[in-house]
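Let me begin by presenting the structure, written as structure tokens, before commenting on it.
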Amino acid sequence: MEGFKTRVESWDDFSPLKHVIVGRADHTCIPPSEPATEAKVPEDSDMRGMWGPRPLETVEKANLQLDLLGKTREKRGYGVDRPNPLPLRGTRR
């Protein structure tokens, strides 16, 4: 969309919301294990020791929750933008 510019402004943390962006869980990944993330993943988590694309079941559940969040915001009068999912383009090393 050449020439199309969207202006996003937020002047403070206290004004009522008028518009929100609700993302999507498509193509999300579990980060590789490293000291900073290891401390945040519970010992009994299925995620421990895994990395790479998230299982489809968890992505679908997350998308259902995000869809509900977007619909709830719309019912309450907020503008809601939902970005298109970006495809995973390979791994970075």
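The values are calculated or read from the model by the stated rules, or taken from the named source; none is laboratory data. In this text the structure is predicted, and so the values were computed from the model without any measurement. Heads up, the Cβs are rebuilt from the backbone with ideal geometry, glycines too, and the neighbour counts pull from every protein chain shown.
Values as computed for the structure displayed
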| item | result |
| --- | --- |
| Positions within region 40-72 being surrounded by 12 or more Cβ atoms within 10 Å (Cβ to Cβ), in contact with a strand residue (DSSP E or B) (Cβ under 7 Å, 6 or more places away or on another chain) and at pLDDT below 95, in sequence order | Met47, Met50, Trp51, Pro53, Arg54 |
| Ala25 vs. criteria small (Gly, Ala, Ser), modelled with pLDDT of 85 or more, closer than 28 Å to Thr6 by Cα and outside any helix (DSSP H, G or I) | yes |
| Hey, Arg48 over 30 Å from His19 (Cβ atoms) and assigned to a loop (DSSP other than H, G, I, E, B) or not | yes |
| Single residue of Pro85, Pro32 found to be outside any helix (DSSP H, G or I), free of Cβ contacts under 8 Å to residues at least 40 places away in the same chain and out of contact with any strand residue (DSSP E or B) (no Cβ under 6 Å at 6 or more places or on another chain) | Pro32 |
| Number of the condition not met by Val20 [criteria: (1) over 28 Å from Leu64 (Cβ atoms); (2) assigned to a strand (DSSP E or B); (3) of a type in the set (A, V, I, L, M, F, W, C)] | (1) |
